[in-house]
Amino acid sequence: MKECSCCKQTLPFEYFDKQSTGKDGYRADCKVCKKRFIRSKEGLIKECYATQKSKAKKRGYAPPAYTEKELLDWSKSNPEFHLLFEAWEQSGYKSNFKPSFDRLNDYISYRLDNLQVVTWNENNQKGYSDRTIGANNKKTLAVDMLDLDGNFIQRFHSVSAAAREFKGLPSNIIGAINQRVSKKRNPNGTTRLITATTAYGHKWRYSTSPNDNQEKT
């Protein structure tokens with residue numbers, strides 16, 4: 001049995017989530033109190049701030065230029081945050097409606113003057129759109145299209161962008177870059193090896209001008 005740090009009820013251990021850093025291997029708050037907290041404005045900000053710190057570290061960017069309390073104060077002074085939070089509550093806490101913080105310039109780390117409040121779905125869709133048009137190339141590798149003699153013709157910010165140009169598949173271009181070997185069956189039942197060297201009538205390579213993934217300050 002364990003006493004919840006929030007509601008002060010003494011409950012069986014299965015009412016608590018496991019936590020390796022906990023004194024007894026469990027969280028101090030019970031599952032009900034934890035769920036209630038993460039659906040509060042304070043809990044949402046705490047969760048978002050921890051995610052921001054983790055993402056900044058993963059990208060090699062500077063940590064957020066504000067504290068958790070400063071983010072909470074900024075959010076509470078932002079009318080849009082309250083409107084989106086209420087809509088999230090009314091939706092029954094559906095993920096797509098959850099308030100989220102989007103960086104206006106994705107190449108600048110987390111600063112209050114670089115934040116806007118949007119729903120999780122809007123943030124996700126914006127990320128996909130930015131990658132499609134080449135406004136955010138952190139997760140993509142640029143490719144060069146060459147003629148059959150190996151002369152440079154055009155650079156694309158991603159393999160997917162190049163494939164869209166030909167209404168084709170990215171895997172075909174990747175196969176040409178890596179000179180993928182595949183087996184083909186002959187009419188007589190024997191097989192032969194074929195090495196892919198071209199796709200859509202061109203040779204390809206990963207670009208000699210890679211995408212810029214450096215933080216802008």
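For the range 7-30, what are the residues that are basic (Lys, Arg) and farther than 26 Å from PHE101 by Cβ? If you could, list the steps in order and put the result at the bottom.
Taking the range 7-30 and keeping what is basic (Lys, Arg), we get 8, 18, 23, 27.
Of everything in the range 7-30, those that are basic (Lys, Arg) and farther than 26 Å from PHE101 by Cβ turn out to be LYS8, LYS18, LYS23.
Report, ordered by the first and then the second residue, all pairs with beta carbons closer than 6 Å, sequence separation of six or more or different chains, a first member in the range 57-80 that is more than 19 Å from VAL118 (Cβ to Cβ), and a second member that is in a helix (DSSP H, G or I).
PRO63/LYS53; PRO63/ALA56; GLU68/TYR49
Does any residue of the range 20-33 turn out to be in contact (Cβ under 8 Å) with a residue 24 or more places away in the chain, on the phi > 0 side of the Ramachandran plot and exposed (fewer than 12 other Cβ atoms within 10 Å of the Cβ)? Write out each step before concluding.
Quick first cut of the range 20-33, residues in contact (Cβ under 8 Å) with a residue 24 or more places away in the chain only: 26, 28-30, 32-33.
With the extra rule that they be on the phi > 0 side of the Ramachandran plot, the set shrinks to none.
The answer is no, given that none of the residues of the range 20-33 is in contact (Cβ under 8 Å) with a residue 24 or more places away in the chain, on the phi > 0 side of the Ramachandran plot and exposed (fewer than 12 other Cβ atoms within 10 Å of the Cβ).
Do we find that SER100 is surrounded by 14 or more Cβ atoms within 10 Å (Cβ to Cβ), closer than 28 Å to GLU70 by Cβ and touching a Cys at 6+ places or on another chain (Cβ under 8 Å) in this structure? Working first, answer last.
On the way: surrounded by 14 or more Cβ atoms within 10 Å (Cβ to Cβ): yes; closer than 28 Å to GLU70 by Cβ: yes; touching a Cys at 6+ places or on another chain (Cβ under 8 Å): yes.
So SER100 passes the test.
For a quick check of your reading: which strands (runs of 3 or more DSSP E) sit entirely within the range 112-217 and have at least 3 residues that are under 30 Å from CYS48 (Cα atoms)?
115-119
Every residue in the range 161-178 that is over 10 Å from TRP204 (Cβ atoms) and of a type outside the set (D, E, K, R), please. Step through it out loud before you land on a result.
Of the residues in the range 161-178, the ones over 10 Å from TRP204 (Cβ atoms) are 161, 163-171.
Result: ALA161, ALA163, PHE166, GLY168, LEU169, PRO170, SER171.
Which count do you get for residues in the range 43-71 that are under 23 Å from the mean Cα position of the chain (by Cα) and either assigned to a helix (DSSP H, G or I) or farther than 30 Å from ASP212 by Cβ (or both)?
From the range 43-71, those under 23 Å from the mean Cα position of the chain (by Cα) are 43-68, 71; that's our starting set.
Imposing the further condition that a residue be either assigned to a helix (DSSP H, G or I) or farther than 30 Å from ASP212 by Cβ (or both) reduces the set to 43-59, 68, 71.
Number of matching residues: 19.
It is to be established whether one or more residues within the range 72-92 are over 26 Å from ASN213 (Cβ atoms), basic (Lys, Arg), part of a loop (DSSP other than H, G, I, E, B) and modelled with pLDDT of 95 or more. Give the derivation first.
Kept after step one, since they are over 26 Å from ASN213 (Cβ atoms), are these residues of the range 72-92: 72-92.
Filter once more, keeping what is basic (Lys, Arg): 76.
Filter again for part of a loop (DSSP other than H, G, I, E, B), leaving none.
No - not one qualifying residue is present in the range 72-92.
Determine whether ASP106 is in the same structural domain as ALA87 (by TED's automatic domain parsing) and either assigned to a loop (DSSP other than H, G, I, E, B) or closer than 29 Å to SER54 by Cβ (or both). I'd like the intermediate steps shown before the answer.
Details: in the same structural domain as ALA87 (by TED's automatic domain parsing): yes; either assigned to a loop (DSSP other than H, G, I, E, B) or closer than 29 Å to SER54 by Cβ (or both): yes.
Judged against the criteria, ASP106 is a match.
Show the residue pairs that are 6+ apart or on different chains and have beta-carbon atoms under 8 Å apart, the first residue being within the range 124-143 and more than 16 Å from ASN96 (Cβ to Cβ), the second being β-branched (Val, Ile, Thr) and part of a helix (DSSP H, G or I).
THR140/VAL159; LEU141/VAL159; VAL143/VAL159; VAL143/ILE173; VAL143/ILE177
The values are calculated or read from the model by the stated rules, or taken from the named source; none is laboratory data. Predicted model only: the values in this text are computed from it and were never measured. With ideal geometry, Cβ positions are generated from the backbone for all residues, glycine too; neighbour counts draw on all protein chains shown.
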